[in-house]
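See structure below.
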Amino acid sequence: MSAPSAGSLLRRRFLLQVFPAIMLPMFISVSDQTMIAMALPAIAVDLGEADMISWTVVAYLMAAAVATPVYGRLGDLAGCKHMLSIALCIVVAGALVCCTAPNLYVLVLGRVIQGLGGGGLMALSMALVGHIIPPRERGKYQGYLAIVHLCASTLAPLIGGVITEHFGWRFLVAAAAPLAVFALIMVRRLDVVQVTYGKLGIDFPGIFLFSSFVVPFIVAMNELRTPQMDNMAAGAGCLAIAGMALLLLLRFERRALMPLFQLDVLSQPAISRSAAIAFCHGAAMMAMITLTPFYLQTEHDLTPMEIAQYLMTLTVVLALSSIATGQMVSRTGRVGIFPSLGLTLLVPIISLFAIFGTRTDAGIWLALWYAAIALCFGTVMNVLQLSVQIAAGAAHLGAAAAVLQMARTLGAAMGASAVTAVFFAIMASQGTSAEKAVLEALANASSGDTSFVHNQLTTAFQGAFFAIAIFVGIGAALAWRMPLRKLD
């Protein structure tokens with residue numbers, strides 16, 4: 001009887017030991033925002049302050065964006081396994097604060113704590129894969145991890161809705177605690193040898209300056225969603241603060257002895273361009289997900305359950321495309337061609353969808369539109385993760401993975417805000433209130449009314465989808481210039 005091959009042993013170790021240890025942290029990271037969104041109406045009713053309810057999402061996003069590069073840097077210095085354990089402990093603490101919050105302000109504080117822990121879950125999990133799996137095989141195994149994204153993206157809304165309806169929102173936010181504890185046990189049992197590089201230290205001035213960039217930037221994106229004078233002025237002021245903080249951060253990091261961002265590493269073309277592509281990909285993807293329920297309900301008169309089916313089509317095909325891309329990278333050794341072709345094809349697909357999507361009857365043809373969009377989206381992130389891991393080397397895997405995740409997070413914030421602002425601006429240019437137009441469209445959709453206001457909504461949606469196509473086009477242009485085209 002022949003001995004098992006090295007490949008089969010690696011696959012067995014990944015599936016039995018590594019995959020369970022990183023699966024739960026990734027699931028918690030991906031599902032958090034979707035699950036909490038299902039509880040927002042119940043939270044608003046229970047705690048009041050409905051006009052501030054969005055801060056339960058924004059607070060987590062800001063804290064996670066600030067924490068991500070810190071975890072990446074410390075993961076390289078102290079070990080990704082140890083830092084992932086700390087991140088999970090912080091998630092538990094944040095969940096306990098959230099579930100006992102007496103008012104919205106304490107809940108937002110708990111979400112900040114959760115974000116400070118959640119910011120490290122995805123980046124450190126992907127860095128651990130880089131430390132365990134050889135470069136040629138990483139595409140395949142990162143494709144397997146797309147299953148986690150699929151389950152989290154697809155099941156989280158359903159789980160969140162069921163728990164909120166039957167047990168209440170406090171039970172929902174508390175559910176992250178036992179999941180994180182179980183994940184912590186699995187991570188501590190993980191057998192991984194990581195050589196740490198450099199002396200352990202924390203760049204507190206760098207963290208402060210980076211926070212001074214991220215927090216105003218995300219607040220600005222939140223303010224610029226609605227084109228009103230007060231919001232526009234506040235958004236412009238926040239962007240000015242963010243810009244000054246970014247300039248000071250870059251200047252300081254060049255001189256720091258223990259910098260938060262090692263600019264000589266991150267300025268490598270493979271890493272900087274991958275981060276830029278991740279920014280564009282995150283912007284387009286989040287804008288598409290944000291716009292889809294709104295679009296399907298007003299333009300196609302679909303129920304929430306029917307909308308969920310289209311979103312499921314989007315997530316399932318995206319995950320399958322990601323898995324297939326990983327398999328093809330491992331078999332062919334080709335890297336850059338997949339996001340280059342995927343994003344290039346996505347530009348005309350979304351542009352044609354903007355023109356003909358409203359004329360397509362809900363059903364199989366509309367589902368095929370979304371399947372084609374998801375197929376192209378799925379060719380990107382696995383390749384970007386592989387590219388930055390190879391370019392960074394073992395010494396900087398954590399920092400490189402963190403930069404990629406941070407770029408995607410900031411891109412998602414900008415994409416959702418920019419596309420929403422385009423939609424509102426087009427409605428305003430036609431002399432119509434977007435809010436009133438949507439209410440009228442929802443009221444008249446079932447009767448098949450094609451009123452003038454409904455036509456204005458169609459025009460605004462077309463402009464919003466064209467804005468998404470612009471983000472994709474910029475990403476495609478960058479993808480064709482990726483230095484890593486083929487593995488050795």
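Do you know which residues across the range 217-253 are basic (Lys, Arg) and without any contact (Cβ under 8 Å) to a residue 12 or more places away in the chain? Quick ask: steps written out before the conclusion?
Initially, the range 217-253 is screened for residues basic (Lys, Arg), giving 225, 251.
Matches in the range 217-253: Arg251 only.
From the list Gly206, Gly243, Gly198, Gly235, exactly one residue is farther than 30 Å from Ala421 by Cα and modelled with pLDDT of 75 or more. Which is it? Before you say what the answer is, go through the steps one by one.
Numbers: Gly243 fails: farther than 30 Å from Ala421 by Cα; Gly198 fails: modelled with pLDDT of 75 or more; Gly235 fails: farther than 30 Å from Ala421 by Cα.
Residue meeting the stated conditions: Gly206.
From the list Ser351, Ser321, pick out the single residue that is in contact with a helix residue (DSSP H, G or I) (Cβ under 9 Å, 6 or more places away or on another chain), surrounded by fewer than 23 Cβ atoms within 10 Å (Cβ to Cβ) and either small (Gly, Ala, Ser) or in a helix (DSSP H, G or I) (or both). Please lay out each step first, then the result.
Numbers: Ser321 fails: surrounded by fewer than 23 Cβ atoms within 10 Å (Cβ to Cβ).
Selected residue: Ser351, the only one of Ser351, Ser321 that is in contact with a helix residue (DSSP H, G or I) (Cβ under 9 Å, 6 or more places away or on another chain), surrounded by fewer than 23 Cβ atoms within 10 Å (Cβ to Cβ) and either small (Gly, Ala, Ser) or in a helix (DSSP H, G or I) (or both).
Given the condition under 25 Å from Leu104 (Cβ atoms), part of a helix (DSSP H, G or I) and modelled with pLDDT under 80, answer yes or no: does some residue in the range 172-184 qualify? Write out each step before concluding.
Here is the first cut: in the range 172-184, the residues under 25 Å from Leu104 (Cβ atoms) are 172-180.
Checking the rest, the ones that are also part of a helix (DSSP H, G or I) come to 172-174, 176-180.
Now drop any that are not modelled with pLDDT under 80, which leaves none.
The answer is no, given that none of the residues of the range 172-184 is under 25 Å from Leu104 (Cβ atoms), part of a helix (DSSP H, G or I) and modelled with pLDDT under 80.
The values are calculated or read from the model by the stated rules, or taken from the named source; none is laboratory data. Since the structure is predicted, the reported quantities are computational estimates derived from the model, not experimental observations. Here Cβ is always computed from backbone atoms with ideal geometry, including for glycine, and neighbour counts include all displayed protein chains.
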